[in-house]
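A.B. asks: Please read through the structure below; I'll follow up with questions.
Nothing in this text is a laboratory measurement; each read-out follows from the coordinates by a stated rule. What you see is a predicted model; the values in this text were computed from it and never measured. Here the Cβ is made from the backbone with ideal geometry for all residues, glycine too, and neighbour counts use every protein chain on show.
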Amino acid sequence: MSAFVKQADVRIEQFDWGVIGWRLTPERGAKHFVVMDVTIEPGSAHDFHHHPGQEEMIIVKRGRVIQFIEKTSSTLEPGDSVFVGEGVVHATFNRGDETAHLQVIIAPSLGEGSGYVLVDVSGEEPWASLGPTRG
């Protein structure tokens with residue numbers, strides 16, 4: 001089912017690390033991918049996690065983040081992006097002084113509802129000791 005998605009139609013969900021605006025999900029008719037608007041406030045992070053069976057593309061629209069893919073990190077600025085392969089551990093840290101705005105695409109869409117599967121590994125080593133605010 002094709003549809004226009006107006007900003008007022010985007011379902012907002014608050015997490016301890018930031019906000020997701022659910023732009024396209026299975027509940028909106030998407031069969032193959034999920035699209036999210038993500039904001040991460042200064043000093044916050046979407047800590048180490050992975051998506052079993054899903055790939056992810058993160059595009060920085062505004063702000064600056066430190067992006068990890070496994071143990072490797074890079075600073076990403078507006079226009080930069082990262083591709084995260086299926087099941088690869090990753091994290092996004094905002095250590096700047098400006099809110100980071102990201103566009104995120106995850107595929108394939110799995111299950112009902114959000115179509116998004118996440119496994120948090122931030123409390124496990126080596127992830128618990130890794131990142132810009134640790135050690």
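A.B. asks: Pulled fully out, how much extra length does the chain show between F15 and S129, if you take 0.36 nm times their separation in residues and subtract their Cα-Cα distance?
C.D. replies: Once the chain is fully extended between F15 and S129, it gains 38.8 nm.
A.B. asks: In whole angstrom, note down how far apart the Cα centers of the range 66-82 and the range 103-134 are.
C.D. replies: Cα centroid of the range 66-82 versus Cα centroid of the range 103-134: 15 Å apart.
A.B. asks: Report, ordered by chain and residue number, the aspartates and glutamates lying within cross-link reach of K61, taken as a straight Cα distance under 17 Å and ignoring same-chain residues fewer than 8 apart.
C.D. replies: Those aspartates and glutamates meeting the cut-off are D37, E41, E77, D80, D97, E98.
A.B. asks: Just in the range 28-83: which trypsin sites (Lys or Arg not before Pro) are loop by DSSP and have at most 16 other Cβ atoms within 10 Å?
C.D. replies: Here the trypsin sites (Lys or Arg not before Pro) that fit, given the DSSP loop and packing criteria, are K31, K71.
A.B. asks: Kindly write out, for the range 79-96 in residue order, the coupling ³J(HN,Hα) from the Karplus curve 6.51 cos²θ - 1.76 cosθ + 1.60 (θ = phi - 60°), rounded to whole Hz, with x marking Gly and Pro.
C.D. replies: Along the range 79-96, the couplings run x, 7, 8, 9, 9, 10, x, 3, x, 7, 6, 8, 7, 10, 10, 9, 10, x Hz.
A.B. asks: For I59 and E112 in the same chain, what is the full-extension length gain: residue separation times 0.36 nm, less their Cα-Cα distance, in nm?
C.D. replies: Answer, rounded to one decimal: 16.6 nm.
A.B. asks: Count charges around V88 for me, please; just the other residues with Cβ under 14 Å from its Cβ, Lys/Arg as +1, Asp/Glu as -1.
C.D. replies: Net local charge, V88 excluded: -3.
A.B. asks: So what is the relative contact order of the range 40-117, in percent, for Cα pairs below 8 Å that sit 6 or more residues apart?
C.D. replies: 43 percent
A.B. asks: Using the Cα centre of the chain as the reference point, and only Cβ charges (+1 on K/R, -1 on D/E), how large is the resulting charge dipole? Debye, rounded to the nearest 20.
C.D. replies: 380 debye
A.B. asks: Taking θ as phi - 60°, what are the ³J(HN,Hα) couplings along the range 36-53 by the Karplus curve (6.51, -1.76, 1.60), each to the nearest whole Hz, with x for Gly and Pro?
C.D. replies: 10, 9, 10, 10, 10, 6, x, x, 9, 8, 8, 5, 4, 7, 8, 10, x, x
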